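A short worksheet on the structure shown next.
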Amino acid sequence: MLPAFHPLGEEEVHLTKAAGRHVARAVVARADAPPFDNSAMDGYAVRAADVASAGQGTPVRLPVRGESRAGGPPAGPLEPGTACRVFTGAPMPAGADAVVIQEDTERHGDEVEIREASPTLRHVRAQGSDVRHGALLLQVGDRIWPGEIGLLASQNIARVHVFRRPEVAILSTGDELRMLGDDLEPGTIINSNVYVLTEMLRSLGAIPVALPAAPDTLPGIEASLRKALEADVVITTGGVSVGAYDFVHEAFKNVGIEPGFWKVRIKPGKPFAFAQYGDKPVIGVPGNPISAMIAFEVLIAPCLRKMLGDPQPHPQPVVARLRDPYRRRPGRVEIARGVATREGDEIIVALHDLQGSGSLPSFVGVNALVVLPADKAELAAGDRVEAILWGPGLKGASSFFDGMS
Ligand code: AMP
Ligand code: MG
């Protein structure tokens, strides 16, 4: 599927709207950072040569001329043999090349006693020492996190070019589906998939477009599909299996959507269809809620990440050990739901008792999707498995934070 997904092109957004986006054009520094030589500490700006002989037993006395503070008026040039009072962030006076920290001085009226030498550039944040004007700050594909926002903001870069967010239509199919708050006549259920997929799309950074559920009729699904095809990507749920009321395949064909492949050797999520309308990806996931979620997370999310401009769209599983033995029917890769905790140097994962493709409680509190190899029927306690961290993230002992509670 991955080759069918491409970034959509770029748009320019304000930095305050850029979090989570991938940059579409490299960003270069507009200015040196720091923008001017400034003091890293509270103390006295000096000429290093004037205090070279200073020590605990051999203090050097200098007259104090002027003051420089962050945001204050500029101090005049530093005459040889004098000191200037400075505070953190203050511009260094011209001529000064080092700072003696306050703790190594003693003030006597208009003079200061320096009790420690300070070599050139000690406690000075030199102009351009972090970033040189014109330096590459972000490359195409880099994602904007709070740290990147800080860097760009510090450079007075208010707008960035990022990859567009795809609109993804969610088309649920099923005569039984009702929306939250609807009356539930006998035989009907809430369309939970549309709420779940909306949220999964949103948290990826895509734009979910939830369409009204389509009935289990060929014309009904076809009409909804035509509407859905206005989006950049279409995801249908349900009706993609082999039942008498599973019309999704036929509807795809009838509206001109070219079939790609059908069925994936994965559990849950097997009745999965990939197709294309021109270049537009159209994906059918099963209606079973857990199948739909797993199919989305494992098969669809990487494609959408690529579309969002992520150069490394696949999840990076961690290695974990099973807490308990697990027996299963081999043949398909199984994505089991579990709770992973850190124990010492290891991640231990306890699989949920419920692993049915329709049982929504099997996803509550889950922080690990555990990849069980297709060929293994018996897994023993302690066996190594790969787990995709998910949802609430890893829980467990932390040497640093434990001491704080
Ligand atoms: P299907 O894939 O259409 O055969 O549906 C499989 C199972 O999932 C059936 O029990 C459906 O009632 C249920 N189902 C289908 N679509 C949804 C949905 N959008 N939300 C919740 N359950 C669904
Ligand atoms: Mg159905």
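The values are calculated or read from the model by the stated rules, or taken from the named source; none is laboratory data. What you are looking at is a predicted structure, and each value in this text was computed from that prediction instead of being measured. Using ideal geometry, Cβ is built from the backbone for each residue, glycine included, and neighbour counts are taken over all protein chains shown. What goes into the accessible areas is simple: the full protein's heavy atoms, side chains included, and nothing from ligands, DNA or RNA. Shrake-Rupley method; radii C 1.70, N 1.55, O 1.52, S 1.80 Å.
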Is it true that Gly66 is assigned to a strand (DSSP E or B), within 21 Å of Glu103 (Cα to Cα) and open to solvent by 20 Å² or more (accessible area, probe 1.4 Å)? yes
Within segment 264-295, residues away from ligand 1 (no atom under 16 Å from the Cβ), part of a loop (DSSP other than H, G, I, E, B) and either closer than 27 Å to Ala374 by Cα or touching a Gly at 6+ places or on another chain (Cβ under 8 Å) (or both) come out as Arg265
Looking at segment 258-285, which of its residues are over 21 Å from Pro7 (Cα atoms), of a type in the set (A, V, I, L, M, F, W, C) and open to solvent by less than 30 Å² (accessible area, probe 1.4 Å)? Ile266, Phe272, Ala273, Val285
Identity of the residue in segment 239-263, hydrophobic (A, V, I, L, M, F, W, C) and out of contact with any helix residue (DSSP H, G or I) (no Cβ under 9 Å at 6 or more places or on another chain), that ends up farthest from ligand 1 (Cβ to nearest atom): Phe261
Evaluation of Ala275 against (1) in contact with a helix residue (DSSP H, G or I) (Cβ under 6 Å, 6 or more places away or on another chain); (2) more than 28 Å from Ile189 (Cβ to Cβ) (one fails), failing number: (2)
What pairs come up if the first residue lies in segment 198-217 and is within 19 Å of Thr188 (Cα to Cα), the second is away from ligand 2 (no atom under 16 Å from the Cβ) and not acidic (Asp, Glu), and their beta carbons are under 6 Å apart, counting only those six or more places apart or on different chains? Leu211/Ala169; Leu211/Ala228
Do you know which residues across segment 236-257 are assigned to a helix (DSSP H, G or I), open to solvent by less than 40 Å² (accessible area, probe 1.4 Å) and more than 16 Å from ligand 2 (Cβ to nearest atom)? none
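Can you confirm whether segment 79-87 contains a residue that is assigned to a loop (DSSP other than H, G, I, E, B), of a type in the set (Ser, Thr, Tyr) and closer than 23 Å to Gln155 by Cα?
Within segment 79-87, none of the residues are assigned to a loop (DSSP other than H, G, I, E, B), of a type in the set (Ser, Thr, Tyr) and closer than 23 Å to Gln155 by Cα.
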Contacts under 8 angstrom Cβ, first residue in segment 13-38 being part of a loop (DSSP other than H, G, I, E, B), partner among the hydroxyl-bearing types (Ser, Thr, Tyr) and surrounded by fewer than 19 Cβ atoms within 10 Å (Cβ to Cβ), 6 or more apart: Pro34/Ser129
Looking at segment 315-337, which of its residues are more than 13 Å from Val349 (Cβ to Cβ) and within 22 Å of the chain's Cα centre (by Cα)? Pro315, Gln316
Filter result for the condition that a residue is basic (Lys, Arg) and within 16 Å of ligand 2 (Cβ to nearest atom), over Arg178, Arg226: Arg178
How about segment 215-238: which of its residues are within 17 Å of Leu197 (Cα to Cα) and either in contact with an Asp or Glu (Cβ under 8 Å, 6 or more places away or on another chain) or near ligand 1 (Cβ under 9 Å from one of its atoms) (or both)? Ala231, Asp232, Val233, Thr237, Gly238
